[in-house]
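The structure under discussion appears below in the form of structure tokens.
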Amino acid sequence: MRSIWNGAISFGLVSIPIKLVNATESHSISFRQIHLADGGRIRYRKVCELDEQEVTAAEIGKAYEDADGTMIPITDEDLASLPLPTAKTIEIVAFVPATEIDPLQMDAAYYLSANGVPAAKPYTLLREALKRSQKVAVAKYALRGRERLGMLRVVDDVIAMHGLLWPDEIRATDGVAPESDVTVRDAELDLADALMATLGEVDMDTLHDDYREAVETLIASKASGEALQPAASDEPGGGKVIDLIAALENSVRAAKEARGEEPGEAEGASVAKVTSLAGRKKSGGTGAKKKAASTATSTGRKAAGKKTTPGRTPAKKTTARSATKSATKKTTANTAAKTAKSATGAKPAARKASPKKRASA
């Protein structure tokens, strides 16, 4: 990778020669302006507004425009005479935890490469010290005509530097938050938590620029003379939420479907509980019927086992028959019911014989 700046890291009395390399690259697609009538390219020329003559780069200098419009010329010699200790040095001023750096300050990112064999030892020393301390280094450096703030941290086995905005370059949040008081209910927070859990984590390497790919496809189709069919796009929501609960529920459902999950998977525990309760009710009903049949059977047996008297014979017969009918309603009580019938069938014969004996007597 081509270096864009050569200098040194100042680490106390240790100086580490380094080269500055861009850590990022832009993949955005740029367009040119053309004349619609004939397709000719539009070009800008640098023209002096006083004599309206085009000027070359050698004829162009710097100036500061004052509030009243006055131009104050500033030469390269004027700037070179200013005391700037960080002109060719990345001067480390402190080591702090990474959490103390506001992400809003993050700017461009660079890799710092050791410049030459003698720089390898102190470079490795600083890298390992940053790793073991679990801190980042705050530094000052000069680049492209201005002094800047930077943060040094370790990425893999390389020291990386993030350009930082100065604290006074971060704007306050005044007037950005909603002005009216808004109350959020626990149910809404629960749904928001459910949506966050459903979306889950993401592998950053899988994210890509869909719009850039669509533009590349458009350019390729136009270059080959093919007609590109417009892609169907979802209607935007318009930024107006009518029912927040419904919107959150729909979001959770859509997120689950996108991840290939069933919409009701999260409620599996509650469904299992309902099934269990229903099963208990069903088994409880069956047990009650079995118990009733068993009671009826035992009643029949007791009725059959008692001594018969002429006045109580019809009542006992009725009781035994009712018990037998109740017992036969369940398959599990059939055998017991048959036993009860046989027991009650033997005694009525004895009851019929009893009056005859009394008549003969």
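The values are calculated or read from the model by the stated rules, or taken from the named source; none is laboratory data. All of these numbers come straight from a predicted model, not from anything done at the bench. Reconstructed Cβ throughout: ideal geometry from the backbone, glycine too, with neighbour counts over all protein chains shown. Surface accessibility is based on the protein's heavy atoms, side chains included, excluding ligands, DNA and RNA. Shrake-Rupley method; radii C 1.70, N 1.55, O 1.52, S 1.80 Å.
Summary table
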read-out: Order by protection proxy (mean Cβ within 10 Å, highest first), peptides 177-189, 108-120; value: 108-120, 177-189
read-out: Estimated FRET transfer efficiency when R0 is 25 angstrom, pair ALA247-THR24 (beta carbons, to 0.05); value: 0.10
read-out: Most to least packed among 2-9, 158-165 [average Cβ atoms within 10 Å]; value: 158-165, 2-9
read-out: ASP209 accessible area, assembled protein chains, probe 1.4 Å, Å²; value: 70
read-out: Nitroxide proxy distance, nm - points 7 Å out along Cα→Cβ at SER224 and LEU125; value: 5.9
read-out: Qualifying GluC sites (Glu not before Pro) for the stretch 1-55 [loop in DSSP, other Cβ within 10 Å: at most 15]; value: GLU25, GLU49, GLU52
read-out: Loop-located trypsin sites (Lys or Arg not before Pro) in the stretch 57-154 whose Cβ has at most 11 other Cβ within 10 Å (DSSP); value: ARG144
read-out: Contour excess over end-to-end distance, with Cα ends at VAL96 and LEU165 and 0.36 nm allotted per residue; value: 23.2 nm
read-out: Accessible area (Å², 1.4 Å probe, nearest 10) - ILE29; value: 60
read-out: Potential lengthening between LEU207 and ILE60 on full extension [0.36 nm per residue; Cα-Cα distance subtracted]; value: 48.5 nm
read-out: Protection-proxy order for peptides 32-45, 93-106, each taking the mean of Cβ atoms within 10 Å per residue, highest first; value: 93-106, 32-45
read-out: Prolate/oblate/rounded label for the stretch 64-210 (Cα gyration tensor, a/c 1.5); value: oblate
read-out: Potential extension, THR217-SER133 segment - 0.36 nm per residue separation minus Cα distance; value: 25.4 nm
